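The values are calculated or read from the model by the stated rules, or taken from the named source; none is laboratory data. For clarity, every value in this text was computed on a predicted model and none was experimentally measured. All Cβ positions, even for glycine, are placed from backbone atoms using ideal geometry, and neighbour counts span all protein chains on display.
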Amino acid sequence: MRLEGKVAIVAGAGWGGIGAATAVRFAQEGARLVINNNHRREKLQETAEHVRAAGAEVELVEGDVAESTTWEALVAAAVAHFGRIDILVHNASSAAMGRAADITDEEWQRTIDVTVHGPLLGVRYCVPEMIKGGGGSIVFISSVNGTITNPLFTIYSVAKAGLNALARSVALDYGRDGIRCNALAPGQIVGEREREAMIADPLEDQMSRDCYPLGRYGSPEEIANCALFLASDEASFVTGTVLTADGGLTIQSPEALVRPSFRARWRDDILVPTKWEGETPYTIQRIKSREE
């Protein structure tokens with residue numbers, strides 16, 4: 001039980017994603033939890049049911065992480081019911097798609113409020129309680145898009161890069177207080193909410209998976225395992241880092257990803273979009289390796 005006796009706050013824990021999987025994984029390792037989500041109370045309740053099924057106590061707090069009142073309620077619930085705070089995981093995020101010149105002030109502000117200001121508020125309200133208890137661990141769920149980017153991902157990439165910088169600063173400022181802070185940067189993670197879209201567009205699904213050296217997406221449970229490591233005493237000498245869990249996506253050069261001659265050196269085949277053929281909107285063209 002790697003988190004026996006620990007109390008964790010997980011913000012952004014509606015069922016079906018990384019936050020919920022993290023809450024359940026922490027519960028399996030002995031933590032008591034306070035979980036949060038904004039809107040969709042039924043999803044938060046569903047996460048709570050799974051946490052209780054894992055044998056853990058859990059308290060629920062609805063609210064917007066961009067508002068101080070939500071963090072006041074989260075901290076109050078943790079202290080009142082469990083007496084302390086040892087771990088903070090911030091998973092909540094928000095972003096609109098668009099090119100830089102097309103982003104509205106409202107879209108920009110909302111993204112920064114949830115993705116960067118929310119974690120800052122979490123630090124502001126949780127760190128004093130962590131210090132009282134002798135220290136703690138903070139894990140920000142970031143993204144590989146804090147380092148790389150995709151078309152129309154302007155706001156999201158900026159916010160996640162800022163989140164990574166916040167993790168480094170918190171780690172530096174509070175290390176002597178026994179507090180570690182790290183960011184966790186997943187690649188594409190497919191849970192219940194994303195799976196339907198993948199099924200609906202098989203070509204997009206296959207070509208997207210084909211970008212990963214492992215040949216598949218990650219699952220929320222795999223990222224939860226990484227969060228568990230960072231939150232636990234097993235990572236006692238790990239702070240101020242960005243742990244990348246992306247199935248190898250970001251180790252590639254663009255050429256390795258798209259050039260058939262390069263791909264043939266490490267892949268047996270590559271998807272090549274063609275015309276519709278019957279009910280199948282694509283075919284697979286096999287590219288022989290040089291050895292063949």
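Points to keep in mind about this one:
- Among the residues of region 230-239, those that are surrounded by fewer than 17 Cβ atoms within 10 Å (Cβ to Cβ) and either acidic (Asp, Glu) or touching a helix residue (DSSP H, G or I) at 6+ places or on another chain (Cβ under 9 Å) (or both) comprise 233, 234, 238.
- Criterion (under 26 Å from residue 106 (Cα atoms), in contact (Cβ under 8 Å) with a residue 60 or more places away in the chain and not small (Gly, Ala, Ser)) met by exactly one of 139, 123, 144, 116: 144
The rows are residues; the columns are (1) farther than 30 Å from residue 120 by Cβ; (2) modelled with pLDDT under 95.
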site: 193; (1), (2): no, yes
site: 203; (1), (2): yes, yes
site: 246; (1), (2): no, no
site: 263; (1), (2): yes, yes
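Residues checked against (1) surrounded by fewer than 17 Cβ atoms within 10 Å (Cβ to Cβ); (2) more than 19 Å from residue 151 (Cα to Cα); (3) not hydroxyl-bearing (Ser, Thr, Tyr):
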{"position": "78", "(1), (2), (3)": "no, yes, yes"}
{"position": "84", "(1), (2), (3)": "yes, yes, yes"}
{"position": "91", "(1), (2), (3)": "no, yes, yes"}
{"position": "94", "(1), (2), (3)": "no, no, no"}
{"position": "100", "(1), (2), (3)": "yes, no, yes"}
{"position": "105", "(1), (2), (3)": "yes, yes, yes"}
{"position": "116", "(1), (2), (3)": "no, yes, yes"}
{"position": "123", "(1), (2), (3)": "no, yes, yes"}
{"position": "129", "(1), (2), (3)": "no, yes, yes"}
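- Given (1) in contact with a Leu (Cβ under 6 Å, 6 or more places away or on another chain); (2) farther than 24 Å from residue 114 by Cβ, index of the condition residue 187 fails: (2)
- Selection within region 181-215 - without any contact (Cβ under 8 Å) to a residue 60 or more places away in the chain and outside any loop (DSSP other than H, G, I, E, B): 181, 194, 195, 196, 197, 198, 199, 200, 204, 205, 208, 209
- In region 129-140, the condition of being under 24 Å from residue 251 (Cβ atoms), in a strand (DSSP E or B) and within 12 Å of the chain's Cα centre (by Cα) is met by at least one residue.
- Residue list for region 153-192, filter: over 25 Å from residue 17 (Cα atoms) and acidic (Asp, Glu): 173, 177
- Screening residue 167 with (1) in contact (Cβ under 8 Å) with a residue 60 or more places away in the chain; (2) surrounded by fewer than 19 Cβ atoms within 10 Å (Cβ to Cβ); (3) within 19 Å of residue 236 (Cα to Cα); (4) not aromatic (Phe, Trp, Tyr) gives one miss only, at (2).
- Looking only at residues in region 170-180 that are buried (at least 20 other Cβ atoms within 10 Å of the Cβ) and assigned to a helix (DSSP H, G or I), the one that is nearest to the chain's Cα centre (by Cα) is 170.
- Residue in region 143-157 that is part of a helix (DSSP H, G or I), buried (at least 22 other Cβ atoms within 10 Å of the Cβ), touching a strand residue (DSSP E or B) at 6+ places or on another chain (Cβ under 7 Å) and not acidic (Asp, Glu) present: yes
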